[in-house]
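What follows is a set of notes on a single structure, which appears directly below.
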Amino acid sequence: MVYVCKVCGWEYDEEKGYEEGGIAPGTKWEDLPDDFECPLCYVGKDEFEEKE
């Protein structure tokens, strides 16, 4: 599943993870820390939505 930041459009792909942020490939969205922030605009997880 891919999640997109509604503010800036950055995408989190569960398959790829976010290695620059220390998140391993295969990490599910619900397993990200509650304080996860978009690395581009710094909004929280509540500002992301599933990509259609």
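In the range 3-20 there is at least one residue matching the filter, namely being more than 8 Å from the chain's Cα centre (by Cα), among the basic types (Lys, Arg) and modelled with pLDDT of 95 or more. The set of residues in the range 21-52 being more than 13 Å from Val2 (Cβ to Cβ) and charged (D, E, K, R) consists of Glu30, Asp31, Asp34, Asp35, Glu37, Lys45, Asp46, Glu47.
Within the range 7-52, the residues that satisfy the criterion of being of a type in the set (Phe, Trp, Tyr) and at negative phi are Trp10, Tyr12, Tyr18, Trp29, Phe36, Phe48.
The values are calculated or read from the model by the stated rules, or taken from the named source; none is laboratory data. Note that the structure is a prediction, hence the values are computed from the model and not measured. Neighbour counts are summed over all protein chains in view; Cβ atoms, including those assigned to glycine, are modelled from backbone coordinates with ideal geometry.
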